[in-house]
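Coordinate-derived values only; no laboratory data. Because the structure is predicted, anything quoted here is derived from the model rather than measured. Cβ coordinates were reconstructed from backbone atoms using ideal geometry, including for glycine residues, and neighbour counts include every protein chain displayed.
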Ligand SMILES: *Cc1c(COP(=O)(O)O)cnc(C)c1O
């Protein structure tokens, strides 16, 4: 606390990211990073951009990020005018909150969801309302339609539950609330869902955000994007150009563009993660865990006879890190990132010791 802080800063409660400890040999299954390296084309593109002496770094990058926007557009068969890029999808989301989500009626999101949303609401003074997930931790679209929201945002698959909403439900929601901005945060969609990008041409109110942090193994490069009709993209660009004209540096633009262009590598690594996830879900189920159906690169699990915080501490003693949220309704769950096959095996055998089977 300082007398020099603005009043708004005094009232903030910032997002707390998962730990990034610097411990040798740690099995890190707590922040949903991809266990595999990015496409080799990413490294080559960054090296080419750097050149032998880094001479290009003296010049500002393209403020419009056009090459990356074109690569994203190419991936989804849309136009570059439908694509906004930013320094992580968190930044894209932050701009979205300011550009599209502040209205007379409250912004609505699930009671259990990505914990950055309430943080942005506090930062931008956006009124919000939490809509409870059903008893099976699923989003019910009708709950939103009935409540007459000013705007709606949720991840699909939801985080930290991993549960996927069918594309038809999103189509229905966007159609039933045509005057309400609907934001679908698809941070994990590549691990088992169908992207709502295909609905964007039909719905002027729909914006879809994605990140290269998870399915493209680039959490360290900080790149995300949004896809929507050009009027929505223009709104985001107005905010961006009122904040930072060059959010993506030259190396990030080069690397992210290469990642978006390498569809084969992307599909192969996603398939590996999905196979490991399904195998780990079966193993944990056999150990007596309830495993929520996951379409993401993590599992959300609880055990009827073992406390989640105790299990998390036991794993940590065995140098395995998972995420435990000390929050209502989910404090008996653990969120476990799907690692390599080897890491999943290590997690499974540690759990076997801890639950005593
Ligand atoms: C990881 C995550 C993000 C943020 O991704 P970055 O691009 O790394 O900022 C956004 N939304 C959800 C639901 C996430 O889990």
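Before moving on, here are some points about what is shown:
- Proxy reagent accessibility, fewest Cβ within 10 Å first, across 213, 79, 6, 195: 6, 79, 195, 213
- A simple spin-label model places the labels of residue 22 and residue 124 3.5 nm from each other, with each point 7 Å out along Cα-to-Cβ.
- Extension gain, residue 58-residue 267: 0.36 nm per intervening residue step, less the Cα-Cα distance, totals 71.7 nm.
- Only helical runs count toward this figure. For the chain, summing -39,500 (n - 2.57) over DSSP H runs of n ≥ 4 and dividing by all residues gives -11500 deg cm²/dmol at 222 nm.
- Distance from the range 214-247 to the range 259-334 (C-alpha centre basis), Å: 29 Å
- Exposure proxy for 265, 117, 60, 246: other Cβ atoms within 10 Å of each Cβ, ordered fewest to most, give 60, 246, 265, 117.
- Counted residue by residue at 0.36 nm each, then reduced by the alpha carbon distance between them, the extension gain from residue 278 to residue 104 reaches 58.3 nm.
- The Rg/Rh ratio of the chain, with both radii computed over alpha carbons and Rh defined as the Kirkwood radius, is 0.97.
- If R0 is taken as 30 Å, the Cβ-Cβ distance between residue 234 and residue 47 corresponds to a FRET efficiency of 0.30.
- Dimensionless Rg/Rh of the range 131-177 - Kirkwood Rh, Rg from C-alpha atoms: 0.93
- Across the range 134-231, C-alpha contacts under 8 Å between residues 6 or more apart give a mean separation that, scaled by the residue count, equals a relative contact order of 23 percent.
- Protection-proxy order for peptides 219-225, 278-284, each taking the mean of Cβ atoms within 10 Å per residue, highest first: 219-225, 278-284
- As a length-normalised measure over Cα pairs under 8 Å and 6 or more apart, the relative contact order of the chain settles at 23 percent.
- Between residue 309 and residue 8, the distance separating the two model label sites (each 7 Å from Cα on the Cα→Cβ line) works out to 3.5 nm.
- Residue order, fewest to most surrounding Cβ atoms within 10 angstrom, among 95, 306, 103, 136: 136, 103, 306, 95
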